[in-house]
Amino acid sequence: MKNHREPVLYEGLLYIIPLAALSIIMTYMGNLVISLFPLSIAVFIAFFFRNPEREIPSDEGIIVSPADGKVILIKDGIYEEGLKDKSVTVSIFLSLFDVHINRAPCSGEVIDVKHKSGKFLPAFKDSASLENEQVTIVISYNTYRILVRQIAGIIARRIVCWTRAGDMVQRGQRYGLIKFGSRVDIFLPEKTELKVKLGDRVKGGKTILGILK
């Protein structure tokens with residue numbers, strides 16, 4: 001399994017190092033109180049980019065959550081480009097305080113990766129799924145296709161996706177992140193036996209969203 005801890009660290013350091021340097025400069029200049037402001041932001045960003053290890057379920061046929069957050073939408077009978085049949089959509093909202101690492105919901109081959117430019121509406125709005133900046137991947141798992149969509153929000157202005165078409169991923173593998181509040185939609189085969197409901201809190205790579213029948 002490809003380890004993505006280093007890219008996560010790199011993404012966070014892009015912000016932490018300049019802020020820490022600014023805090024040190026302010027302290028050196030005698031502005032101790034002012035120096036606490038960039039230091040506080042650096043500490044929060046370090047918290048935001050935390051990258052915990054997870055125990056990934058190993059049972060056959062299960063689909064795990066691709067993200068941490070709250071289930072805000074479950075809708076079935078959806079036709080989505082790139083999928084063979086109708087699907088059921090599970091939408092997960094990630095607040096500023098959730099882990100923002102995204103994980104593969106199942107093992108398989110990534111057969112498509114698409115980026116779509118768009119708006120930055122609040123991620124909890126249903127229209128965000130259609131209108132916001134997003135990156136979509138499709139994973140081929142046995143005879144199924146699972147689609148996962150990273151969606152930027154009003155604060156999240158950058159989506160990071162490390163995987164490419166042709167890559168093989170393992171269930172629970174880190175494949176990307178969305179910076180500073182966002183949404184992740186996952187499209188499952190309609191006959192999936194769901195194990196979550198509206199309002200549930202889920203953890204990426206750990207919470208079982210459903211079982212393929």
**Asked** Using Cα pairs under 8 angstrom and six or more residues apart, how large is the relative contact order of the chain, in percent?
**Response** 26 percent
**Request:** Would you work out what percent of the accessible area of the stretch 120-213, with all protein chains in place, is carbon or sulfur (probe 1.4 Å)?
**Result:** 53 percent
**Complete:** Counting only protein heavy atoms and rolling a 1.4 Å probe, one gets per residue an accessible area for the stretch 1-142 in Å² of 54 Å²
**Prompt:** Can you tell which of L94, N31, I137 lies farthest toward the positive end of the dipole of the stretch 1-157, using +1 and -1 charges on the Cβ of basic and acidic side chains (Lys, Arg; Asp, Glu)?
**Reply:** N31
**Message:** Taking 8 Å as the Cα distance limit and 6 or more residues as the minimum spacing, I'd like the relative contact order of the stretch 122-213 as a percentage.
**Reply:** 26 percent
**Asked** Which lysines, on any chain, are close to K114 with Cα under 25 Å apart, when same-chain ones fewer than 8 places away are left out?
**Response** K2, K70, K75, K84, K86, K125, K179, K203
**Prompt:** Which value in deg cm²/dmol, rounded to the nearest 500, describes the helix-derived mean residue ellipticity at 222 nm for the chain, given -39,500 (n - 2.57) per DSSP H run of n ≥ 4 and division by the residue count?
**Reply:** -7000 deg cm²/dmol
**Nearest 10 degrees, 0 to 90: helix 5-28 Cα axis against the chain principal axis** = 20 degrees
**Request:** Report Rg (one decimal) and Dmax (nearest whole number) for the stretch 149-213, counting Cα atoms only, units Å.
**Result:** 13.5, 38
**Asked** How far is helix 32-48 tilted, in degrees, relative to the longest principal axis of the Cα atoms in the chain, given as a value from 0 to 90 rounded to the nearest 10?
**Response** 20 degrees
**Prompt:** Farthest toward the dipole's positive end in the chain, which of G204, L13, V184, given Cβ charges of +1 (Lys, Arg) and -1 (Asp, Glu) about the Cα centre?
**Reply:** L13
**Item:** Reach of K116 by Cα under 14 Å, taken over aspartates and glutamates that are not fewer than 8 positions away in the same chain
**Value:** E81, E131, E133
**Asked** Can you list the trypsin sites (Lys or Arg not before Pro) in the stretch 53-98 that are in a DSSP coil and have 11 or fewer other beta carbons within 10 angstrom?
**Response** K84
**Request:** Please state the charge dipole magnitude for the chain, taken about the Cα centre, from unit charges on C-beta atoms (+1 on K and R, -1 on D and E), reported in debye and rounded to the nearest 20.
**Result:** 180 debye
**Request:** Just tell me the longest site-free run in the chain, where the sites are GluC sites (Glu not before Pro) in a DSSP loop having at most 15 other beta-carbon atoms within 10 Å.
**Result:** 82-189
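The values are calculated or read from the model by the stated rules, or taken from the named source; none is laboratory data. Quantities reported herein were computed from a predicted structural model and do not represent experimental measurements. Every residue, glycine among them, receives a Cβ derived from its backbone with ideal geometry; neighbour counts consider all protein chains shown. Remember, those area values only see protein heavy atoms, side chains included, never the ligands or the DNA or RNA. Shrake-Rupley method; radii C 1.70, N 1.55, O 1.52, S 1.80 Å.
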